[in-house]
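The values are calculated or read from the model by the stated rules, or taken from the named source; none is laboratory data. Nothing here was measured: the structure is a model prediction, and the numbers come from that model. Ideal geometry is used to build each Cβ from the backbone, glycine not excepted, and the neighbour counts take in all protein chains shown. Quick note on the areas: whole protein, heavy atoms, side chains included, nothing else; ligands and nucleic acids left out. Shrake-Rupley method; radii C 1.70, N 1.55, O 1.52, S 1.80 Å.
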Amino acid sequence: MKGDFQSGDTILIIASFSDSIVRFRGELIAEMINRGVSVHVAAPGLKTGENRRELEGLGAFVHDFRLDRTGLNPFKDTVSFFSLFVLMRSLRPRAVMSYTAKPVIYGSIAAWLARVPRRFALITGLGYAFGDDRSTTAISTVIRLMYRYALAKVSRVFFQNKDDATLFAQLGILSSRLPVTIVNGSGVDLTTFTPHPIRSGPLRFLMIARLLGDKGTREFAAAARVVRRQFPLTEFALVGWIDRNPDSIAQEELNEWVSNGDVEFVGRLEDVRPAIAACSVYVLPSYREGTPRSVLEAMAMGRAIITCDAPGCRETVVDGYNGFLVPVKSVDQLVIAMSRFISEPGLVLSMGARSRLLAEEKYDVKMVNSIMLQGMGIDLEPVNLVECHE
């Protein structure tokens, strides 16, 4: 695929959530533009607003389209599909890259029908339909069949961990002939997320996530309740929001945790760095991830990690080196890991320093983007911006 792109060629990136694009794909988009590629981005919610301004500030062209991110309304999804097809026929891009479930499925099929030469899918996580307790439901079966059909139309699939790639192969979703590339998540900007001194005083555990059951939100709150009985000065902060998802935490649950003093609910933050800087240890008891970006950001800022021995999560922690791995859904083991840091506070500093080293070795966004660009055939030389301005 070397030399597949030429300067001025167009790539269309399709996402389902406009808030994620700049944070998770901003560096990749900027690097594509720096290499002479014309980048167009399509996502719902980009008609106006800060996300649109930031993308245009990077030099991207922005397109809004309607997409029900979590619903299963056939009429609405058909409208979304045809709007993408019409956009592709208008732009005639050299390539399309889609990520998250519906953009991958509808975007890949639309790109095939629109005769886009290069079609890429980025699997950033498997979501609700791939939970262990939902493997035989009608919805999960339909979604898997749709994935199988859509991925048969793509040129290459990028996964963010080996477990997801293996599962797709075992389920017959991936053809053995389809090129696959494994990348270390979305990477993290090591110049934006830099080490920050850990405050003195009682330990503060932090979790950042959409408030979903599969993220381990309930386990975090339950562990906080237990730990605070023995160590009442310990703090537990929860950053995030209630998402429109079948697996979402109910507002009543959240209110109870806060009123009981189990957790401090910070809410949604545009910039999570102050929250990470204020914490001692970062916790994400998720059941499954692509590669959790929040964990990478906490590692880059020098924080020890507690996460689950689960796909996508286990890659970020060397157990006993930069943090602890606990079994999925195990509140007891989560409590033990938290108590270990409280009893041995020196681990907070030593493991936090090692997290930064791992972030530098594996998760530098520049390295991750280089692998992505190579896999897509974007090997154009970077533009000399100084010469261009002259």
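In the set (1) surrounded by fewer than 18 Cβ atoms within 10 Å (Cβ to Cβ); (2) closer than 24 Å to PRO195 by Cα; (3) touching a residue at least 24 places away in the same chain (Cβ under 8 Å), ASP271 fails one condition alone, (3). Just to verify a result, which residue in the range 154-163, among those that are in contact with a strand residue (DSSP E or B) (Cβ under 6 Å, 6 or more places away or on another chain) and not hydroxyl-bearing (Ser, Thr, Tyr), is modelled with the lowest pLDDT? Checked the range 154-163; the qualifying residue modelled with the lowest pLDDT is LYS162.
If the condition is being free of Cβ contacts under 8 Å to residues at least 60 places away in the same chain and open to solvent by less than 10 Å² (accessible area, probe 1.4 Å), then the range 197-211 contributes only LEU211. Among the residues of the range 1-22, is any touching a residue at least 40 places away in the same chain (Cβ under 8 Å), among the hydrophobic types (A, V, I, L, M, F, W, C), open to solvent by 30 Å² or more (accessible area, probe 1.4 Å) and touching a Gly at 6+ places or on another chain (Cβ under 7 Å)? Yes, that holds for at least one residue. Among the residues examined, PHE120 qualifies as open to solvent by less than 10 Å² (accessible area, probe 1.4 Å) and farther than 24 Å from GLY213 by Cβ. Only one entry in LEU233, LEU190 is among the aliphatic types (A, V, I, L, M), open to solvent by 30 Å² or more (accessible area, probe 1.4 Å) and more than 30 Å from LEU72 (Cα to Cα), namely LEU233. In the range 176-186, the residue that is least open to solvent (accessible area, probe 1.4 Å) out of those that are under 14 Å from GLY375 (Cβ atoms) and in a loop (DSSP other than H, G, I, E, B) is VAL183. Inspect the range 87-96 for any residue being surrounded by fewer than 19 Cβ atoms within 10 Å (Cβ to Cβ), touching a residue at least 60 places away in the same chain (Cβ under 8 Å) and charged (D, E, K, R) and give the result as yes or no. Within the range 87-96, one or more residues are surrounded by fewer than 19 Cβ atoms within 10 Å (Cβ to Cβ), touching a residue at least 60 places away in the same chain (Cβ under 8 Å) and charged (D, E, K, R).
Do we find that ILE139 is open to solvent by less than 30 Å² (accessible area, probe 1.4 Å), of a type in the set (A, V, I, L, M) and farther than 20 Å from SER286 by Cβ in this structure? Considered against the rule, which asks whether it is open to solvent by less than 30 Å² (accessible area, probe 1.4 Å), of a type in the set (A, V, I, L, M) and farther than 20 Å from SER286 by Cβ, ILE139 comes out as no.
Residues are listed down the side, and each one gets a yes or a no for (1) in contact with a helix residue (DSSP H, G or I) (Cβ under 8 Å, 6 or more places away or on another chain); (2) under 23 Å from GLY185 (Cα atoms):
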{"position": "ILE249", "(1), (2)": "yes, no"}
{"position": "ASN255", "(1), (2)": "no, no"}
{"position": "ARG268", "(1), (2)": "no, yes"}
{"position": "GLY290", "(1), (2)": "yes, yes"}
{"position": "ARG293", "(1), (2)": "yes, yes"}
{"position": "CYS313", "(1), (2)": "yes, yes"}
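How many residues does the range 218-230 contain that are buried (at least 21 other Cβ atoms within 10 Å of the Cβ) and either in contact with a Gly (Cβ under 8 Å, 6 or more places away or on another chain) or not in a helix (DSSP H, G or I) (or both)? Here the count works out to 0.
ARG340: of a type in the set (Lys, Arg), farther than 30 Å from ILE13 by Cα and touching a Pro at 6+ places or on another chain (Cβ under 7 Å), yes or no?
No; evaluated as a whole, the condition is false for this residue.
For the range 64-86, filtered to residues that are acidic (Asp, Glu) and open to solvent by less than 40 Å² (accessible area, probe 1.4 Å), the residue that is modelled with the highest pLDDT is ASP77.
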